[in-house]
Each structure stands twice: as structure tokens, then as C-alpha cells.
Amino acid sequence: WAVGCYKVMLLTGRKDSNTLRFYQSAGFSSDDKQGFIAKPAG
């Protein structure tokens, strides 16, 4: 923030509640954006 950043985005595959609570306690919100991933078949 001190150098003018206005957004930091975090992408995770973790689903356990302790990890998600940790991200929330660090200021991240899962309410604002939705992420999608495409991978090649095989």
C-alpha cells in the first residue's frame, strides 16, 4: 500500500477452514471476486 498498490489477489486450492480463516485474518475477502482455472485435458 505504501508504494501505491490498490489490490492484491490471492488464489488458493486450499479448502480447510483454518487456512481460509488465516487468509481472512490477513485482510483477504472471498466476497469480491470469483476465479476460474482452465487446464489442458490429459
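Of all residues in the chain, which are in a helix (DSSP H, G or I) and among the hydroxyl-bearing types (S, T, Y)? Working first, answer last.
Going residue by residue through the chain, those that are in a helix (DSSP H, G or I) are 17-25.
Within the chain, S17, T19, Y23, S25 qualify.
Residue by residue through the stretch 6-37, note down the ones that are surrounded by 10 or more Cβ atoms within 10 Å (Cβ to Cβ), among the hydroxyl-bearing types (S, T, Y) and within 9 Å of the chain's Cα centre (by Cα).
Hits for the stretch 6-37 are T12, Y23, S30.
A short reminder: the numbers here are calculations on the coordinates, not readings from a lab. As the structure is a prediction and not an experimental result, all values here were calculated from the model. All Cβ positions, even for glycine, are placed from backbone atoms using ideal geometry, and neighbour counts span all protein chains on display.
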